[in-house]
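Student: Supplied in structure tokens, the structure appears directly below.
The values are calculated or read from the model by the stated rules, or taken from the named source; none is laboratory data. Note that the structure is predicted; figures quoted are calculated from it, not measured. Glycine gets a Cβ as well: all are built from the backbone with ideal geometry, and neighbour counts include every protein chain shown. The accessibility values were calculated without ligands, DNA or RNA, using every heavy atom of the protein model including side chains. Shrake-Rupley method; radii C 1.70, N 1.55, O 1.52, S 1.80 Å.
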Amino acid sequence: MDSIAIIGGSPLNGSIPISGAKNSALKLMAASILTDQPLRLTNMPRLADTKFLGKLLRALGVEVTENGHGGEQETLFHAAEITSTFAPYDLVRQMRASFNVLGPLLARTGHAKVSLPGGCTIGARPVDLHLDALSRLGAAIELEEGYVSATAPKGLRGAEIEFPFVSVGATEHAMLAAVLAEGTTVLRRAAMEPEIGDLARCLTAMGAKIDGIDTDVLTISGVSSLNGTDWSVIPDRIEMGSFAVAAAMAGGEVRLTKTRADLMTALTEKMVEAGVDISPTGDGVVVRRDPGQRLKAVNVTTEVYPGFATDLQAQFMTLMTTAEGESVIRENIFENRFMHAPELARLGADIHVGAGEAVVKGVPALHGAPVMATDLRASVSLVIAGLVAEGETTVGRVYHLDRGFERLEEKLGACGARIRRITGEADEH
Ligand code: EPZ
């Protein structure tokens, strides 16, 4: 297993290009199943997760061709014929987003058998909302031996679906199925994350009819077939936010490019409140903090978009470890998303985790140590801590980072971070 070693204390100065969003790319890839024509995705991040879903799509008969490198990457997906509608446990277990092939397979072929994704380290993460939505669209669903078998021999039918609470995955899944259903589907209490807007706009370019994009009510008039298109994946607001926090933590001046300032408004508000200087530019933001200036503690609560993203909670907690005062961080989306707290404590942070919240008392400095992460966003928070911890920090289990961050060491290294990858034996996953 690879690890990443960081020697803390160097400010960050320079420019970092933001990649395409993992959480949009994965759903756009699933959309390729809906048409027999090619879907060309540009600004495609090259990540372990996108590779992994590519493997599953190939197993279903989709031709996947990667072109380009170094930020100008594109991938062509061509599902001329679906040769299998079976997504086995091994290809779904490792990445929950693989489950989202169920709806498109069902919409295109009338049947599918897909493994249940199971839990993960950040919580139980059930898929009941996904299955309820598909059955309202007319699918007959059976659960057996860890698999979902779904059939709709006469095709899916439009329906009124009101989600009991907001779910990103269920909203996307219902939309992916409803675009080819007969009649009109209305999705109420839909999630409004920018990646959902990106998927809806790409589906529209493919010929789908969707009203209410970027609102919590989506009205979808089903069409009988979709065409291919060229689509540029939206910038990754979580990667952007992570680098913004890294710059604020290390001090210096970093320009984040190839992105949009409005994608991280909730984070910007909290960072500005803490004392960070953030200014929008034509293609992103500039983040500045004088390395001699100490930030102030502020409280955050994770919420659905446009609130503060759960995927930035670990990074923000890291920023608060050296701020002046006490910060209360509430996690409202997932039940077990504080695994980074004990690891940050190994670096000298003072964090007390209670029910659904963590209280962080700022300390003057962190100290390097070996640490280990259990999920993607927790891993990057430890790298960010390593940027200021005195001495060397090594972050183990880097395969978590590789799931969602493209060329992380290269991007931070180009701004002056002393960071290197230590290549270990073959990854265990
Ligand atoms: C997406 O997960 C993202 N993943 C997550 O990013 C992100 O943290 C999350 O949205 C929230 O923004 C992808 O897009 C691939 P949800 P998703 O359905 O769709 C519960 C990362 O690090 N729930 O909005 O799974 C669920 O357990 C990842 O990139 C049900 O109970 O999130 C959670 O508590 C981590 N039943 C809450 O809803 C369901 O059927 C919100 O989950 C579905 C969800």
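Student: Please calculate how many Å² of accessible area the chain carries per residue, with a 1.4 Å probe and no DNA, RNA or ligand atoms counted.
Tutor: Per residue, the chain has an accessible area of 38 Å².
Student: Once the whole set of protein chains is in place, how much accessible area is left on residue 72, using a 1.4 Å probe, in Å² to the nearest 10?
Tutor: Here the residue's solvent-accessible area equals roughly 140 Å².
Student: Using alpha-carbon pairs under 8 Å, 6+ residues apart, how would you state the relative contact order of the chain in percent?
Tutor: Here the relative contact order equals 22 percent.
Student: So which aspartates and glutamates can residue 154 reach, going by Cα to Cα under 15 Å and dropping same-chain residues fewer than 8 places off?
Tutor: By straight Cα distance, residue 154 reaches 182.
Student: Between residue 132 and residue 93, what is the label-point separation in nm under the 7 Å Cα-to-beta-carbon projection?
Tutor: About 2.9 nm separates the two model spin labels.
Student: Another one. Mind listing P(r) for the chain? All alpha-carbon pairs, 20 Å bins, whole percents.
Tutor: Percent of pairs per bin, in order: 27, 56, 17, 0.
Student: Using a Förster radius of 60 Å, what is the FRET efficiency between residue 350 and residue 224 based on their Cβ-Cβ separation? Nearest 0.05, please.
Tutor: Using R0 = 60 Å, I get an efficiency of 0.50.
Student: Using a 1.4 angstrom probe on the protein heavy atoms only, could you order 233, 272 from most to least accessible area?
Tutor: Final ranking, largest accessible area leading: 272, 233.
Student: Heavy atoms only, probe 1.4 Å: what % of the accessible area of the chain goes to carbon and sulfur, would you let me know?
Tutor: Heavy-atom surface of the chain belonging to carbon and sulfur, 1.4 Å probe: 49 percent.
Student: Let me ask something else. Which trypsin sites (Lys or Arg not before Pro) does segment 208-307 hold that lie in a coil by DSSP with at most 15 other beta carbons within 10 Å?
Tutor: Qualifying residues, ordered by number: 294.
Student: Using only Cα atoms, figure out Rg for segment 152-194 and give it as a multiple of 2.2 N^0.38 Å.
Tutor: Normalised by 2.2 N^0.38 Å, the Cα Rg of segment 152-194 equals 1.16.
Student: What lysines does residue 27 reach when the alpha-carbon gap must be under 22 Å and sequence neighbours fewer than 8 apart in one chain are set aside?
Tutor: Output for residue 27: 51, 55, 113, 209, 258.
Student: If you don't mind, another one. Please give the helix 48-60 orientation as an angle from the longest Cα principal axis of the chain, in degrees from 0 to 90, rounded to the nearest 10.
Tutor: 10
Student: May I ask you to list the GluC sites (Glu not before Pro) in segment 352-429 that are in a DSSP loop and have at most 15 other Cβ atoms within 10 Å of their Cβ?
Tutor: Filter output for segment 352-429: 425, 428.
Student: Before anything else, pin down the relative contact order of segment 362-429: Cα pairs under 8 Å, at least 6 apart, normalised by residue count, whole percent.
Tutor: Result for segment 362-429 is 31 percent.
Student: Can you give me the relative contact order of segment 1-108 as a percent, contacts being Cα pairs under 8 Å and 6 or more apart?
Tutor: 29
Student: Can you list the lysines whose alpha carbon is less than 24 Å from that of residue 296, not counting same-chain residues fewer than 8 positions off?
Tutor: 270, 361
Student: Rule-of-thumb check for segment 346-424: C-alpha Rg over 2.2 N^0.38 Å?
Tutor: Output field value: 1.15.
Student: In whole Å, what is the distance between the alpha-carbon centres of segment 173-237 and segment 257-315?
Tutor: The distance from the Cα centre of segment 173-237 to that of segment 257-315 comes to 28 Å.
Student: Charges only on Cβ, +1 for Lys and Arg, -1 for Asp and Glu: so what's the dipole of segment 22-232 about the Cα centre, in debye to the nearest 20?
Tutor: So the magnitude is around 200 debye.
Student: How large is the accessible surface of residue 161 in square angstrom, using a 1.4 angstrom probe and rounding to the nearest 10?
Tutor: Accessible area, nearest 10 Å²: 10 Å².
Student: Something else about it: Angle check, please: helix 168-178 long axis (alpha carbons) against the longest principal axis of the chain (alpha carbons), in degrees 0 to 90, nearest 10.
Tutor: So the helix axis and the longest Cα principal axis differ by about 20 degrees.
Student: Quick check: the angle from helix 22-31's long axis to the longest principal axis of the chain, C-alpha only, nearest 10 degrees?
Tutor: 10
Student: Report the rotationally averaged projected area of segment 22-232 based on its alpha-carbon convex hull, in square nanometres.
Tutor: Spelled out: convex hull of the Cα atoms, projected over all directions, averaged, 10.3 nm².
Student: While we're on this one: Per the helix-only calculation at 222 nm, which mean residue ellipticity applies to the chain, given -39500 (n - 2.57) for every DSSP H run of n ≥ 4 and division by its residues, nearest 500 deg cm²/dmol?
Tutor: So the calculated ellipticity at 222 nm is -8500 deg cm²/dmol.
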